[in-house]
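Chemist: Below are the structure tokens for one structure; questions will follow.
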Amino acid sequence: MTWLITGGAGYIGAHVVDAMTRAGERVVVLDDLSTGDRARIAGVDVVVGSVSDAPLVARVLRDHGVRGVVHIAAKKQVEESVRLPLYYYKENVEGLRVLLDAAVDAEVESFLFSSSAAVYGAPDLALVTEAVECRPVNPYGETKRVGERMVEAVAAATGLRFANLRYFNVAGSARPDLADRGCSNLVPMVFQQLSLGRAPQIFGDDYPTADGTCIRDFVHVADIASAHVAAARALSEGQLTALTANIGRGEGVSVREMVTIIRDVTGTAAEDWAEPVLQARRPGDPARVVASADHIRGSLGWRAEYGVEEMVRSAWEGWTSQSSDRSALPPARGTA
Ligand code: WQD
């Protein structure tokens, strides 16, 4: 069978394409290349266009005999979603509606939807299970929650098999050329500071946590990808009909701990290391968001393989390999 992977030229999408093809699955990618890059998926069938283009989606599903869809294409910046909520509803909700409509028409059997820990909002819990009530606190998280519900409703109406996969804090790369090129999350933001010879920033150290900084569940993008392979197999082989699951490690790491790991992994020399600068809290940051990873382990037998050091090391390899493209930046100080 063939899988349509939307957003397959992006950071997470390209890792899923890589893992699915290495697992022997046939794939075709639909990507509008707004943030994706086809160089990440050389040799893979790519259709350039939007999931909101109904005739195009129908044609791709038909021409490639698609039986399963992995829907990763989306806008994903929280702060942008607060400024441009209707853009997020258009891209993430309307895009999904058009895709689902075409998928049902084309008798697609299995549907994987990229969701996010952002659906939970600010859960005041040690570990977040899937049974926790979803209360997203920004338009981005709302569009992901609405998307899950849309997938569930269509599944109930048509028998579509589905998996809503809630990613926690994704980091790392399986190969340098697949690395994240964005600069909106903790790990790349600290890399950028190091590259500019500046001190890393910590947004708030007065949270009710052991060291006062926020705690997150960082998960390697290669583990995210392997979870998709496991879910795709379980759905297409009929062992599973419906799944809503966290993809995380079930282990919290604080921002301060992460910054220390980055210092150690990047080999920043002591004389070049500038102590992190404390900044005001970033509005909307929950103190602690850590997955319970029990459900996905029980239903798919999946668990994360990589730890935080591996995430940071591989992300740094990707960052330094792109440094020729970042010619505006001076080289990192004191790093190997
Ligand atoms: C992590 C922690 C920052 C940079 C968001 C979305 C989530 C998902 C991933 C998409 C926070 C702190 C950061 C820095 C810092 N998105 N920080 N200094 O906010 O947990 O999750 O991205 O699909 O839905 O909400 O991730 O990496 O931005 O921040 O102190 O230079 O690091 O304040 O506590 P976040 P993040």
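The values are calculated or read from the model by the stated rules, or taken from the named source; none is laboratory data. Here the structure is a predicted model, which is why all the values come from computation and not from measurement. Cβ placement follows ideal geometry from the backbone for every residue including glycine, while neighbour counts extend to all protein chains displayed. To get the accessible areas, we keep the full protein, side chains included, count just its heavy atoms, and leave off ligands, DNA and RNA. Shrake-Rupley method; radii C 1.70, N 1.55, O 1.52, S 1.80 Å.
Chemist: Sequence-distant or interchain residues sharing an amide H contact under 5 Å with I247, placed H: which?
Modeler: Long-range HN contacts for I247: R166, Y167, F168.
Chemist: Where does helix 255-266 land angle-wise versus the long Cα axis of the chain, in degrees 0 to 90, nearest 10?
Modeler: Approximately 80 degrees, to the nearest 10.
Chemist: Using r as the Cβ-Cβ distance of V82 and A274, and R0 as 30 Å, what FRET efficiency do you calculate, to the nearest 0.05?
Modeler: E between V82 and A274, to the nearest 0.05, is 0.50.
Chemist: Between A126 and T209, 0.36 nm times their residue separation minus their Cα-Cα distance comes to what?
Modeler: Numbers: separation 83, 0.36 × 83 = 29.88 nm, distance 1.07 nm.
Length gained, A126 through T209: 28.8 nm.
Chemist: Sticking with this structure for a sec: When you take every Cα atom in the chain, what is the radius of gyration, and what is Dmax, the widest Cα pair distance, in Å?
Modeler: Over the chain's Cα set, Rg and Dmax evaluate to 19.6, 63 Å.
Chemist: What ³J(HN,Hα) values, in whole Hz, does the Karplus curve 6.51 cos²θ - 1.76 cosθ + 1.60 give for region 232-238 when θ = phi - 60°, with x put for Gly and Pro?
Modeler: With the stated coefficients, region 232-238 comes to 4, 5, 5, 6, 5, 8, x Hz.
Chemist: How much accessible area per residue does the chain have, counting only protein heavy atoms and a probe of 1.4 Å, in square angstrom?
Modeler: 43
Chemist: Moving on. What order do D180, D223 take when sorted by accessible area (1.4 Å probe), most exposed first?
Modeler: D180, D223
Chemist: Give a residue-ordered list of calculated ³J(HN,Hα) values for region 201-209 (Karplus: 6.51 cos²θ - 1.76 cosθ + 1.60, θ = phi - 60°; whole Hz; x for Gly, Pro).
Modeler: Along region 201-209, the couplings run 10, 10, 8, x, 10, 10, 7, x, 10 Hz.
Chemist: A further question follows. Roughly speaking, what is the stretch gain from A39 to A54, that is 0.36 nm per residue apart minus the C-alpha to C-alpha distance, in nm to one decimal?
Modeler: Numbers: separation 15, 0.36 × 15 = 5.40 nm, distance 2.58 nm.
Residue separation times 0.36 nm, minus the Cα-Cα distance, leaves 2.8 nm.
Chemist: Looking only at L160, L56, L100, which one moves most when the chain is put into a Gaussian network model with springs between Cα atoms under 10 Å?
Modeler: Greatest mean-square fluctuation among the candidates belongs to L56.
Chemist: A further question on this structure: Please compute the contact order of the chain in relative form: average sequence separation of alpha-carbon pairs under 8 Å and at least six residues apart, divided by the residue count, as a percent.
Modeler: Taking the mean separation of contacting Cα pairs over the length of the chain, I get 19 percent.
Chemist: Another question, then. What angle, in degrees between 0 and 90 and rounded to the nearest 10, separates the Cα long axis of helix 186-195 from the longest principal axis of the Cα atoms of the chain?
Modeler: Helix 186-195 sits at roughly 50 degrees to that axis.
Chemist: Pulled fully out, how much extra length does the chain show between V104 and Q192, if you take 0.36 nm times their separation in residues and subtract their Cα-Cα distance?
Modeler: Between V104 and Q192, full extension yields an extra 27.3 nm.
Chemist: Taking all protein chains as present, what is the carbon and sulfur share of the accessible area of the chain, in % to the nearest whole number, probe 1.4 Å?
Modeler: 49
Chemist: Give me, ordered by chain and number, the residues 5 or more places off V28 or on other chains with an amide H under 5 Å from its own placed amide H.
Modeler: W3, L4, I5
Chemist: To the nearest 10 degrees, how steep is helix 308-321 against the longest Cα principal axis of the chain, on a 0 to 90 scale?
Modeler: Helix 308-321 and the main axis of the chain meet at about 90 degrees.
Chemist: Quick one: order V312, V78 from most to least accessible surface, probe 1.4 Å.
Modeler: V78, V312
Chemist: Further question on the same structure: Please tell me the relative contact order of region 1-109 in percent, rounded to the nearest whole number, where contacts are Cα pairs under 8 Å and at least six residues apart.
Modeler: The normalised contact order for region 1-109 reaches 31 percent.
Chemist: To the nearest 20 Debye, how big is the dipole of the chain about its Cα centre, given +1 on the beta carbon of each Lys and Arg and -1 on that of each Asp and Glu?
Modeler: 260
Chemist: Do you know the relative contact order of region 181-336, to the nearest whole percent, from alpha carbon pairs under 8 angstrom that are 6+ apart?
Modeler: Relative CO of region 181-336 lands at 38 percent.
Chemist: Sticking with this structure for a sec: May I ask you to rank W316, W3 by accessible area, largest first, using a 1.4 Å probe over the protein chains only?
Modeler: The most accessible residue leads, giving W316, W3.
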